[in-house]
């Protein structure tokens, strides 16, 4: 009876097995759910995480393809770069002071320079600081002989872009830079790695996918301690493909050389038959190898990016007042309009008044009564004022469009190209690009300026090359191009027949021949022997932005069945096209004729 009462007094005793059973069952149920979650639902995720802990990838950098000229000379390739780096986490301040002194004496480098790079690295919390980039062979040997006494320092190597000719054709070739953190989010899906190189300008940019290649690497297995156990396979990196250019290095070198004594300018050498660019130079230029440096001195950086001279600016593809080299457009407009047929003769004068201004002849006398050919030969202003005023602005504009002006040329490096300006009555009605529509009408002074390529006309050297090529080849508009071979990545460059009477083109061509025979371009033959007949046009243009005059000369040779065309431009170089631009073209013709 007592035991019964005790049992009733503590009723929970008979429930303990049940509670234990429930807790145990619930625990096993949680474990089972967790197992199902791990093994079935998230099997692939955790397998991947396991593999990543077990498997390592040793990436192999691809070698970018080369850029070569038409004859196979290397303009851009890749090479190993060796740098001296320090890992500051393994070096205390006392050791650093000793290392700095030793490295300075050993490698013959300024102690202050070492300190600055080290301090900058600490400031940026870098775990690896580059003390000296692009080590020479003798510096590497000296370090290796002493590396046992320089703990925490090492030689690192990597593949960098190399430009053997430094600043030659720099605007054409372009440069590469590491991708940024913001770019990596998108570019990683295309196979790029963090700090991978990518083309920024020029051919490096345009043919990036063709040149860059593919990363490779070796998959290795490691144990729980991270020790190598075995190789799981190797995928070789895939080298990028080469790009062969139409550039002729011999002509490119002389084009660079003739610009050396100029403040600024550009040279274009082109085959007028198909638009193949044989040389393209712009001054100022820059050393492409600057962009391959890990450490870029502030002085060099400022000289490149903050200089008022704008060395990164490709003057061959940007617009300037053309002056008298524009007169071929006005001539064709007069001929095509029918208002001034081929037999036209006009009286030239000391000056002709349009609106409130008297527009002068460049000799202040006039040249008597002359026709188209002689007007081009002596580069008469007042002859072309009358032609331009007679046909009107829109006729000149329409002819200019047929010759490729006010349009992109089609050249591959179009990211550097300016469309230029050719005025029209509609342009004036719409505000001239700066005023209110209807408040900036066309005025008589505009047509005089436009007729001789001033103020309301700005064109690029590459546009002039296209227009003069159409005269040289008998009426076909070519597409200037830099890539030599046609294929999936290379455009077709078939010349296009333009809607201009071939007889009118021939008349202008005859005038350009006279320019060199007995006109403003006669000095092209001085000091040159056995040169085929040359046709061309000189030009002196006032700078619409207020600077000194520009000097121009455009020519092609042989005059019939032309093979070579040159545009020579000296920016803000007063004295005339025949004085400054023509001699540049002459030096190029000498080299071309000698090699030919």
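The values are calculated or read from the model by the stated rules, or taken from the named source; none is laboratory data. Everything quoted here is computed from the prediction, not taken from an experiment. Reconstructed Cβ throughout: ideal geometry from the backbone, glycine too, with neighbour counts over all protein chains shown.
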Report summary line: Of the candidates 70, 100, the one satisfying the condition of being at pLDDT 90 or above and touching a helix residue (DSSP H, G or I) at 6+ places or on another chain (Cβ under 6 Å) is 100
**Report entry** Condition check for residue 232: out of contact with any helix residue (DSSP H, G or I) (no Cβ under 6 Å at 6 or more places or on another chain) and part of a strand (DSSP E or B)
**Finding:** yes
Requested in this report: Look through the stretch 211-229, keep the residues that are over 16 Å from the mean Cα position of the chain (by Cα), buried (at least 17 other Cβ atoms within 10 Å of the Cβ) and not in a strand (DSSP E or B), and return whichever of them is modelled with the lowest pLDDT.
Outcome: 215
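Rundown of residues vs (1) under 16 Å from the mean Cα position of the chain (by Cα); (2) farther than 29 Å from residue 474 by Cβ, yes/no style:
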site: 264; (1), (2): no, yes
site: 273; (1), (2): no, no
site: 277; (1), (2): yes, no
site: 293; (1), (2): no, yes
Requested in this report: Kindly indicate whether residue 332 is buried (at least 17 other Cβ atoms within 10 Å of the Cβ) and in contact with a strand residue (DSSP E or B) (Cβ under 8 Å, 6 or more places away or on another chain).
Outcome: no
**Report entry** Selection from the stretch 559-591 of residues that are more than 21 Å from residue 378 (Cα to Cα), in contact (Cβ under 8 Å) with a residue 12 or more places away in the chain and either surrounded by fewer than 16 Cβ atoms within 10 Å (Cβ to Cβ) or outside the structural domain of residue 466 (by TED's automatic domain parsing) (or both)
**Finding:** 560, 563, 590
Report summary line: By residue number, the members of the stretch 316-360 that are closer than 21 Å to residue 569 by Cα, touching a helix residue (DSSP H, G or I) at 6+ places or on another chain (Cβ under 7 Å) and outside any loop (DSSP other than H, G, I, E, B) are 316, 317, 325, 327, 328, 329, 330
Report summary line: When (1) under 23 Å from residue 289 (Cα atoms); (2) modelled with pLDDT under 90 are applied to residue 174, the one that fails is (2)
Report summary line: Only one of 254, 247 is modelled with pLDDT of 95 or more, outside any strand (DSSP E or B) and within 27 Å of residue 134 (Cβ to Cβ), namely 247
Requested in this report: Check the stretch 502-509 and report whether any residue there is more than 24 Å from residue 338 (Cα to Cα) and in contact with a strand residue (DSSP E or B) (Cβ under 7 Å, 6 or more places away or on another chain).
Outcome: no
**Report entry** Selection count where residues are out of contact with any strand residue (DSSP E or B) (no Cβ under 7 Å at 6 or more places or on another chain) and surrounded by fewer than 24 Cβ atoms within 10 Å (Cβ to Cβ), scope the stretch 313-329
**Finding:** 2
Requested in this report: For residue 463, indicate whether it is assigned to a helix (DSSP H, G or I) and either buried (at least 22 other Cβ atoms within 10 Å of the Cβ) or in contact with a strand residue (DSSP E or B) (Cβ under 9 Å, 6 or more places away or on another chain) (or both).
Outcome: yes
Query raised in the report: Of the residues that make up the stretch 438-455, is at least one touching a residue at least 12 places away in the same chain (Cβ under 8 Å), closer than 24 Å to residue 585 by Cα, assigned by TED's automatic domain parsing to the domain that holds residue 266 and within 25 Å of the chain's Cα centre (by Cα)?
Result: no
Query raised in the report: in contact with a strand residue (DSSP E or B) (Cβ under 7 Å, 6 or more places away or on another chain) and either within 29 Å of residue 356 (Cα to Cα) or surrounded by fewer than 24 Cβ atoms within 10 Å (Cβ to Cβ) (or both) - does that describe any residue in the stretch 434-444?
Result: yes
Query raised in the report: Within the stretch 361-430, which helices (runs of 4 or more DSSP H) (wholly inside it) include 1 or more residues that are crowded, with 21+ Cβ neighbours inside 10 Å, more than 35 Å from the chain's Cα centre (by Cα) and modelled with pLDDT of 95 or more?
Result: 372-378, 381-391
Query raised in the report: Does residue 531 satisfy being under 35 Å from the mean Cα position of the chain (by Cα) and closer than 16 Å to residue 378 by Cβ?
Result: no
